[in-house]
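J.: Mind having a look at this structure? Questions to follow.
The values are calculated or read from the model by the stated rules, or taken from the named source; none is laboratory data. Worth saying up front: this structure is predicted, and the values here are computed from it rather than measured. So basically every Cβ, Gly included, is an ideal-geometry build from the backbone, and we count neighbours across all protein chains shown.
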Amino acid sequence: MAPKKETKNALVVERLHVILADADLETMTVKNVQAKLESELKTDIERGTKRKADGSGGKAGKKSKDDKKGKKRGRGKGKDVTDPNKPKGPKGAYMCFVQIARPKINASQPGLKFAEIAKQLGEQWKSMDAPTRAKYDKLAEDDKLRYARDIAAYVPMDAAGLDQLRKEKQAKKSAGGLQKPYKCTPALTKFLGGDKTISRANLTSRLWSYFKSKELMDPANKRWVVADKQLKDLLGVDRFQGFTVSKYLSQHLLPMDA
């Protein structure tokens, strides 16, 4: 079988040289060359595959698994800051309706969940008669005109202003969560030796140091803490699991603006 295949390949190469010698190389395509070869040789010709650098076969342009390993997955970076002075886009007719109808539903049915409110709004919109809907179409057209006026007068914030917004956003993000500062209640301030503000992370770390220094971990089960008098006065419990201490501390952490 091998000699027959080699003969076929030789014929293909021979005819290929003839076709290319007479062809207009500016307009000739690989597809055209293949069609000519198949027509002359009365056989199908499979287009070859590009080989990778290591000599193994592979489809042209297809990335290997190794190529994809370095590709970053996941949600990526968060949203960039937006210019607070940029005009809001125009509302459609349905959103004009929602803006008016939602407060009415909230007032008449205060316990209604968001999904149920959305369902009611959708049903009202679908069953709305043409004259009533025309009012919301008019409101939407008016809002388009408002947006056109606002965007014409809009002066975008400069790069320095956007950079300042990014810094403020980052500072706010860093101050959140476990690093967010809180005011201490008088009882917690006394326990800490005078500190009036503290973050959850710092407080948790100091309490665990206290547990260990006072040897309050239960010898029979070190997941539990046996409170001494000072700790019991603060938390109000005799014994608790160490990893649940945060729930006893919440009452002693007050907002900074309180």
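J.: Given the options THR197, THR189, name the one that is of a type in the set (Ser, Thr, Tyr) and under 36 Å from the mean Cα position of the chain (by Cα).
T.: Of the residues listed, the single one that is of a type in the set (Ser, Thr, Tyr) and under 36 Å from the mean Cα position of the chain (by Cα) is THR197.
J.: Let me ask something else about it. Does the range 119-141 hold any residues that are of a type in the set (Ser, Thr, Tyr) and touching a residue at least 12 places away in the same chain (Cβ under 8 Å), and which are they?
T.: TYR136
J.: For the range 215-237, enumerate the residues that are over 27 Å from THR185 (Cα atoms) and either surrounded by 13 or more Cβ atoms within 10 Å (Cβ to Cβ) or at pLDDT 95 or above (or both).
T.: Once the filter is applied, which keeps residues that are over 27 Å from THR185 (Cα atoms) and either surrounded by 13 or more Cβ atoms within 10 Å (Cβ to Cβ) or at pLDDT 95 or above (or both), the range 215-237 yields only ASP218.
J.: Residues LEU192, LEU165: which one is more than 30 Å from PRO84 (Cβ to Cβ) and either in contact with a Ser or Thr (Cβ under 9 Å, 6 or more places away or on another chain) or not small (Gly, Ala, Ser) (or both)?
T.: LEU192
J.: Are any of the residues in the range 186-202 among the acidic types (Asp, Glu) and under 28 Å from ALA171 (Cβ atoms)?
T.: There is at least one residue in the range 186-202 that is among the acidic types (Asp, Glu) and under 28 Å from ALA171 (Cβ atoms).
J.: Okay, moving on. Please specify each residue of the range 238-258 satisfying the condition of being small (Gly, Ala, Ser) and surrounded by 15 or more Cβ atoms within 10 Å (Cβ to Cβ).
T.: Within the range 238-258, just GLY242 meets the criteria.
J.: For the range 68-99, name all the residues that are assigned by TED's automatic domain parsing to the domain that holds ASP150 and modelled with pLDDT under 75.
T.: Answer for the range 68-99, where residues must be assigned by TED's automatic domain parsing to the domain that holds ASP150 and modelled with pLDDT under 75: there is none.
J.: For the range 101-118: of the residues being part of a helix (DSSP H, G or I) and either touching a residue at least 24 places away in the same chain (Cβ under 8 Å) or within 27 Å of the chain's Cα centre (by Cα) (or both), which is farthest from PRO156 (Cα to Cα)?
T.: GLU116
J.: Tell me, which residue of the range 119-143 that is hydrophobic (A, V, I, L, M, F, W, C), more than 30 Å from ASP83 (Cβ to Cβ) and assigned to a helix (DSSP H, G or I) is nearest to the chain's Cα centre (by Cα)?
T.: For the range 119-143, the residue satisfying everything is LEU121.
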